[in-house]
1. Can you tell me how the range B:102-253 classifies by the Cα gyration tensor, rounded, prolate or oblate, using a/c under 1.5 as the rounded cut?
2. For the range B:11-89, state which trypsin sites (Lys or Arg not before Pro) are in a DSSP loop and have at most 13 other beta carbons lying within 10 Å of their beta carbon.
3. If each DSSP helix of 4+ residues adds -39,500 (n - 2.57) and the sum is divided by the residues in chain A, what number results at 222 nm, nearest 500 deg cm²/dmol?
4. With contacts defined as alpha carbon pairs under 8 Å and 6 or more residues apart, what's the relative contact order of chain B in percent?
5. Ignoring ligands, DNA and RNA, what percent of the 1.4 Å accessible area of the protein assembly as shown is carbon and sulfur?
6. Say a site is exposed when it is one of the GluC sites (Glu not before Pro), sits in a DSSP loop, and has at most 14 other Cβ atoms within 10 Å; what is then the longest site-free stretch of chain B?
7. Structure shown: which of A:Lys207/A:Lys236; A:Lys152/B:Lys204; A:Lys92/B:Lys287; A:Lys31/A:Lys92; A:Lys31/B:Lys287 lie over 21 Å apart, alpha-carbon to alpha-carbon?
8. Can you pull out the buried accessible area for chains B and A, both sides counted, probe 1.4 Å, rounded to the nearest 100 Å²?
Amino acid sequence: MPRSIEVYQVNPIFRSMREVMTLVRLYSVSKVYPNGAVGLLNVDTHIRQGEFVFLVGPSGAGKTTFMRILTRQVLPTQGQVIVDGRNVVRMKPSEVPYLRRTVRMVFQDYKLLPNKTVYENVAFALRVTEANPRQVRPRVMESLELVGLAGKARAYPGELSGGEQQRVSIARAIVGAPTILLADEPTGNLDLDTSWGIMELLLRINKTGTTVIMATHNSSIVNGMMRRVIELDGGKIVRDDERGAYRREADHYMVLPG
Amino acid sequence: MRLTTIWYFLAEGWRSARRNVSLISLGTIAASLFVLGAVGLVLLNLNHVSQLLRSRIEIRAFLEDGLSADRIAAIKAQIQATDGVKQVTFVSKDEALRTLRAQLGERASILDVVGENPLPDAFDVKVEEPDHTVEVAARVSRISGVASVNYGQGFTEKLLATMRLVGVAGALVALLFVAAVVFIVGNTVRLTIISRAREIEVMKLVGATDWFIRWPFLVEGMVVGLVGASVSGLLLFVGYKFAVRYLAGLAPFIPVVTAPEPVAALCVALLVMGVIMGAVAGGVFVKRYLRV
C-alpha cells in the first residue's frame, strides 16, 4: 500500500505525502508593480522540501519577482504565499528578518561587502542573527571549506575571481543553515567552466537537504542537470516539467541536445 | 541581548564614526555646540545678574510720627506675619539721617538748614520672592501705623518684566541652536548611512532586525555628538576663564559668574546634550533607509 494513502487515512487534512512535505506554496499570486509592469500573473505552484528547481524564461518573465516574493522584498498584489509554514503576505514587518534567515539568497552580482574580508563577509551573516559567538568561527570556516575557500579567508573580495566571489556569497548564504537557498542568476557573470563548479556546489548543498531554487538563462546548465524546470513567461507559468530541459520554440537561448 | 552583540554595536559605531566622519562635519558640530554653549553662558550670567538685582529689591515701610515703642514693636510683628515677608529690620529716624548724611557727603550741610530730623522711623522689609514684591508692598501698606511704602515703584516692575523677557528670549535662542545641532549631526550620520546603503541592504537580506542595523548608527551619532561636544566644551570652559579675567580688568563693575562649578555643569550638560542629540539624529535618519 502506498504511503500517501496511509497518511490520508491517519489524517484527512493531508491529502498526500507530497503535500505534507511542501515547503513553498503560492496560491494564485499576482504582482503588478506601481508602474503597471506585470511581475507575476495568477501563479499557482508548490515546491517540496529538498527539491532542486530551475526558474527559466526570458528577461522580465517574472523569475526575480518570484524570488523577491519568497523573501518578502516585494509584496504580491494578490494571492497568498506560504514559505516553511509562514504566511509571507500576512507576516508582520518584524517577522521578516526571521523569514530571511531560513530563506537565503545568492545574487548574480554577489553582493559582497568590499571593505570586509572573506571571513568577515561570511561571519557577518551569522552575527546578524545573534548566533552564539563561540560558534561563529567554526561555522564560518566550515562553510568556507565547503566552498573550497578556507585558504582565502583573509583576502578581500576585490582580490578574488568572479567564481571565487560567488563561492563566498554561497558560503555566506549557507552558514546559517537555511531551509531554502534562492539563487538569482548565480552563474550570469561567469564562464561555463566556473559555472559548472558553482552548480556542483549547489548540488552538494541540495543533497544535504536544502531546497534550492535557481533562476537562470543558462540552457546548457539546465539541460545538463535534468531537474525540475518551471518556465515563466509574462508572469505566468507556461511549463512545469519534473525532469525538464531548457527548450522553447523560437527562443534564442535554445540549445539542441547532444 | 548578548554582551557580544552590544560590544559589536559599540565597535561598529566607533569604527564607522572614525572612518566616515570628516573633520569638516565634526568642526561644524563643534562650532554649533560652541555657539549653543556660549548662549548658555550668556543666559547663566544674565540669570546671575537678575538674581543679584532681585535680591536687592526691598520694601521700605515708613511709619507715622509719634508712635510708642510698644506700638512700633507690634507693627514689626504684624509685618513679620505678613505673607511673603522674609525679614524685617527697624531703621530709626536717627539711623536714616546718618545714612543720608553719609550719602550726601560734602553737601550734608543742607540738612542743618532743616534743623529738626525730618525723616520718619521705618522698616526695611525683605521679601521671600522678588516677583511678588508689589503684592507684598500693598499688604504691608494696609497695616495701620504704616504711613507709606516705597519699593522703587515703576523701576522694580520694569526690572522684573525685563528679566522675564530675557529668560524667554534666551530659551528660544537656545532651542533654535538645539534644532540646528540635531540637524547637522543628523546630516553627518545621513551621509555615512548613504555611503553604507549597500551594507544595510545586505544586512537586511541576510535577516538582520531593524534594531540590529540601527544600533551602530546610534552609537556613531553618539560618538560624533560626544566628540563635537567635548571639543566645544573644553574651548568654552577655557575661553570663559580668559574672558572673565579680561572683563574683570576692563569693567570690574559688571557682575559675572566666576565660580567654576556652574560653568563646568554647563559644559557637562553640553556633553550630555551632544550624546543625546547624536543618538536621536542617528536613530531617526537611519530609519528612512531601512525599507528594503
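The values are calculated or read from the model by the stated rules, or taken from the named source; none is laboratory data. Because the structure is predicted, anything quoted here is derived from the model rather than measured. Glycine also receives a Cβ, built like all others from the backbone with ideal geometry; neighbour counts cover every protein chain displayed. Calculation scope for accessible area: heavy atoms of the full protein, side chains included, ligands and nucleic acids excluded. Shrake-Rupley method; radii C 1.70, N 1.55, O 1.52, S 1.80 Å.
1. It comes out prolate by the Cα gyration axes.
2. Details: sites: B:Arg15, B:Arg18, B:Arg19, B:Arg54, B:Arg56, B:Arg60, B:Arg71, B:Lys76, B:Lys86; in loops: none.
Qualifying residues, ordered by number: none.
3. Values: 9 runs with 87 residues, N = 258.
Using -39500 (n - 2.57) per qualifying helix, the result is -10000 deg cm²/dmol.
4. Taking the mean separation of contacting Cα pairs over the length of chain B, I get 31 percent.
5. 59 percent
6. In chain B, the maximal stretch lacking such sites is B:129-292.
7. Cα-Cα > 21 Å for A:Lys207/A:Lys236; A:Lys152/B:Lys204; A:Lys31/B:Lys287; rest within.
8. Numbers: alone 17150 and 12930 Å², together 28140 Å².
Heavy-atom accessible area buried at this interface is about 1900 Å².
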